[in-house]
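See structure below.
The values are calculated or read from the model by the stated rules, or taken from the named source; none is laboratory data. Not measured: the values here are computed from a predicted model. Note that we place each Cβ from the backbone using ideal geometry, even for glycine, and neighbour counts take in every protein chain shown.
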Amino acid sequence: MLSLFQEINTAFPWFFTGVFFVSGAIVGSFLNVCIFRIPAGESVVVPGSHCACGKPIPLWLNVPVLAWLFLRGKAACCGRKISLRYPAVELLTAVVFAALWHYFAWQIAVPAMVFVAFAIVLAFIDWDTMYLPDCVNAPFVLAGLFCAAAFPQLSGEETVFGSLFASLIGLGVGSMTAYWFRYFASLVFRREAMGEGDVILLGGIGAFLGWQGALFSFFFSSFIGLFAVLMMRIFSKKKRAATEDGEGECGSALPLGPWLLIAAAVYFVCGQKIIEAFFCFVGNV
């Protein structure tokens, strides 16, 4: 079966890329459901897809991305505006799934797809609610351990997805790094500097990417977050603070989860090269 699969992939290299693009769009549609329903404490299974007005959405009007374009961003039943986020998440998932399959070996692409699916849900929920739910965070950690066991290293210790032992080490290093930073930062600033969900999240990143990926994500996320804050302040001049001290949408209260996950994605793509370039630069100074 595997040999037949490889023969088809060799003869028609873009066929499975297209398959995973479509599959990614479908998965993205489900991720939208998770992002919306989990913070509200609702089931992601029942009821089926429905409009904000409560009417069920028929299957032919629930096709990822295309349905939003066909309806011009408005619900067919009541005319309410459909957020651009829905097709954006579907398209993002589709493109990433297709790219992973096309550019990486399947032993790397498959666990990376699992990571991406969890990352999208966690990042958007954290952005919306400043909260990382355990019902997603805990399976994220378990998925990292499972992928490490099911998809062992291809070669050497530098492979992103390593053995189960390396995954357990990454889980420990990631969670302990975040825990002790949270503990000492809270003592210094006399307020909670990092949520418990972020501790579990960094542990999950370590379970997927190993201890190097966890540490890289922890430190590099600070630069990503700082850059994002600067861009938000530059391009959101009209968004001012709603409170008297001047903190609002562009204030200091921003979630850490999205930056950790973006940093983890950067590590997966080119983290080793960035680390090598950094130490080369330090060595030449």
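So the values come out like this:
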| read-out | value |
| --- | --- |
| Residue match in segment 26-42 (condition: farther than 25 Å from N137 by Cβ and either of a type in the set (A, V, I, L, M) or assigned to a helix (DSSP H, G or I) (or both)) | no |
| Test: residue in segment 187-197 that is under 21 Å from P111 (Cα atoms) and either assigned by TED's automatic domain parsing to the domain that holds V110 or surrounded by 15 or more Cβ atoms within 10 Å (Cβ to Cβ) (or both) | no |
| Selection status of L92, modelled with pLDDT of 95 or more and over 15 Å from the mean Cα position of the chain (by Cα) | no |
| Cβ-Cβ under 9 Å pairs, at least 6 apart or on other chains, segment 57-73 side outside the structural domain of L91 (by TED's automatic domain parsing) and farther than 19 Å from L31 by Cβ, far side assigned to a helix (DSSP H, G or I) and modelled with pLDDT under 90 | none |
| Residue that is under 20 Å from V121 (Cα atoms) and loosely packed, with under 14 Cβ neighbours inside 10 Å, where the choices are A40, A25 | A40 |
| Residue within segment 85-105 that is surrounded by fewer than 13 Cβ atoms within 10 Å (Cβ to Cβ) and in contact (Cβ under 8 Å) with a residue 40 or more places away in the chain present | yes |
| Odd one out for L69, checked against (1) crowded, with 21+ Cβ neighbours inside 10 Å; (2) more than 18 Å from Y267 (Cβ to Cβ) | (1) |
